[in-house]
1. Set the Förster radius R0 to 41 Å, insert the Cβ-Cβ distance between VAL16 and ASN231 as r into 1/(1 + (r/R0)^6), and round the FRET efficiency to 0.05.
2. Tilt of helix 142-151 relative to the longest C-alpha principal axis of the chain, in degrees (0 to 90, nearest 10)?
3. Please give the net charge around SER139, taking every other residue with its beta carbon less than 15 angstrom from that of SER139, where Lys and Arg add +1 and Asp and Glu add -1.
4. Just grab the label-to-label distance for GLU77 and THR195, each label 7 Å out from Cα along the Cβ direction, in nm (one decimal).
5. What is the packing order of peptides 335-342, 322-329, 80-87, taking the mean over residues of other C-beta atoms within 10 Å and listing the highest first?
6. Nearest 10 degrees is fine. How inclined is helix 120-135 to the longest principal axis of the chain, computing both from alpha carbons?
7. Rounded to whole Hz and in sequence order, give me ³J(HN,Hα) for the range 109-116 from the Karplus expression 6.51 cos²θ - 1.76 cosθ + 1.60, θ = phi - 60°, writing x for Gly and Pro.
8. If I model a spin label at LYS337 and ASP141 as a point 7 Å from the Cα along the Cα→Cβ vector, what separation in nanometres do I get?
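The values are calculated or read from the model by the stated rules, or taken from the named source; none is laboratory data. Since this is a predicted model, take the numbers as computed values, not measurements. Ideal geometry is used to build each Cβ from the backbone, glycine not excepted, and the neighbour counts take in all protein chains shown. Protein only, heavy atoms only, side chains kept; ligands, DNA and RNA dropped before computing areas. Shrake-Rupley method; radii C 1.70, N 1.55, O 1.52, S 1.80 Å.
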Amino acid sequence: MNMKGQNKNSLFKASVATGSARGRVNLIGEHIDYNGGTVLPASISREVTVGLTPRADDLLEISSSRFDDTVSRSLTEPANSHWSDYIVGALSLAHKKGWIQSGMNIVIDSNIPDGAGVSSSAALIIAIFRACLALNGESKDPKDVAILAREVETDFIGVPCGIMDQMATSLINPGQALILDTLNNDTQTIDIPDTWSFITIHTGIHRKLSDGRYKERAIECQEAKELLKQNDLCHITPEEEAELTSLPEILQKRVTHVTSEHKRVLRAIEAMRMNNMALFGQLMVESHKSYSHDFEASTHEIDLLIESALTMGALGARLTGGGFGGCMVALVQKTEKEQWMKDFAARHKNVWEV
């Protein structure tokens with residue numbers, strides 16, 4: 001079954017139920033959603049749509065507009081490092097929850113780039129859950145759906161991610177940012193000022209969260225938690241901060257990023273509320289420096305792109321997402337967005353706006 005290039009309407013015509021979800025860009029607050037911090041993601045216009053048709057057996061026949069072949073899996077299969085693992089994991093959990101009773105024919109269409117740090121996997125899982133619920137005419141609290149989506153990534157895929165991506169994908173509307181306190185999953189939305197434009201730009205460098213480096217940083221944070229006897233690094237006390245020198249140097253650097261990033265996010269939220277674009281941009285710059293130097297999750301090529309974006313007039317720019325590649329985000333005046341992006345893409349041939 002060759003689906004590549006098919007019209008989207010015809011792709012889902014035979015589906016009994018569909019679900020869609022948008023990707024997200026994290027404006028500021030990296031690798032702190034599993035450390036008790038507050039993060040500030042926003043939605044992007046790109047989305048994934050999933051169509052489901054129940055089968056009489058437990059097979060999953062999976063087709064995507066991005067690939068030529070149909071993939072056959074089972075509801076009971078473990079992950080095997082294939083792109084379809086996310087579908088298997090989501091539908092397996094949906095089956096356990098009683099949202100579906102059998103296998104499925106699944107069709108997928110997405111224009112969210114993979115490995116770009118804009119939550120393609122979280123959006124796919126959320127879209128599947130929405131389609132499953134639509135099959136039965138059910139609805140669930142978006143936060144509960146997000147928590148289950150995270151369970152797919154952590155327990156089935158094996159990525160020790162936080163809750164930000166799933167909450168953002170499940171809760172945000174266009175034109176808003178989500179204030180998410182991951183210590184207690186409290187959420188608020190905040191309107192992005194009309195004159196601001198956050199441009200999400202693919203750096204041309206691809207990566208996967210499952211390649212090990214994201215997990216390595218999560219493990220380092222966990223080691224620091226155990227040594228400091230503090231489960232939420234973003235909320236360590238002044239006394240605990242004084243004890244950082246007792247940690248190995250690499251863990252000191254990781255904790256320094258985490259604690260300082262949480263404080264930057266809180267300042268950035270106030271800057272957005274006050275429509276202080278210059279301050280928000282400054283905090284983005286500081287965030288990237290910390291992400292690159294203390295958390296060591298950037299690359300030399302990306303650092304040069306960030307520097308170039310600022311030289312060309314962006315008020316702020318930083319790597320977004322899990323790190324080591326994917327997308328950056330730049331803050332510019334909305335009236336300058338089109339020309340700025342045109343000039344930036346002309347200077348850097350491998351980048352493109354997401």
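1. Computed FRET efficiency for VAL16 and ASN231: 0.40.
2. Result, in degrees: 90.
3. Values: positive: LYS97, ARG130, LYS140, LYS143; negative: GLU138, ASP141, ASP144.
With Lys, Arg at +1 and Asp, Glu at -1, the net is +1.
4. It works out to 5.4 nm between the two label points.
5. Numbers: 335-342: 13.8, 322-329: 25.6, 80-87: 16.6.
Going by the mean number of other Cβ atoms within 10 Å, highest first, we get 322-329, 80-87, 335-342.
6. 40
7. Couplings: 10, 8, 10, 7, x, 7, x, 10 Hz.
8. Each label point lies 7 Å from its Cα, and together they span 3.4 nm.
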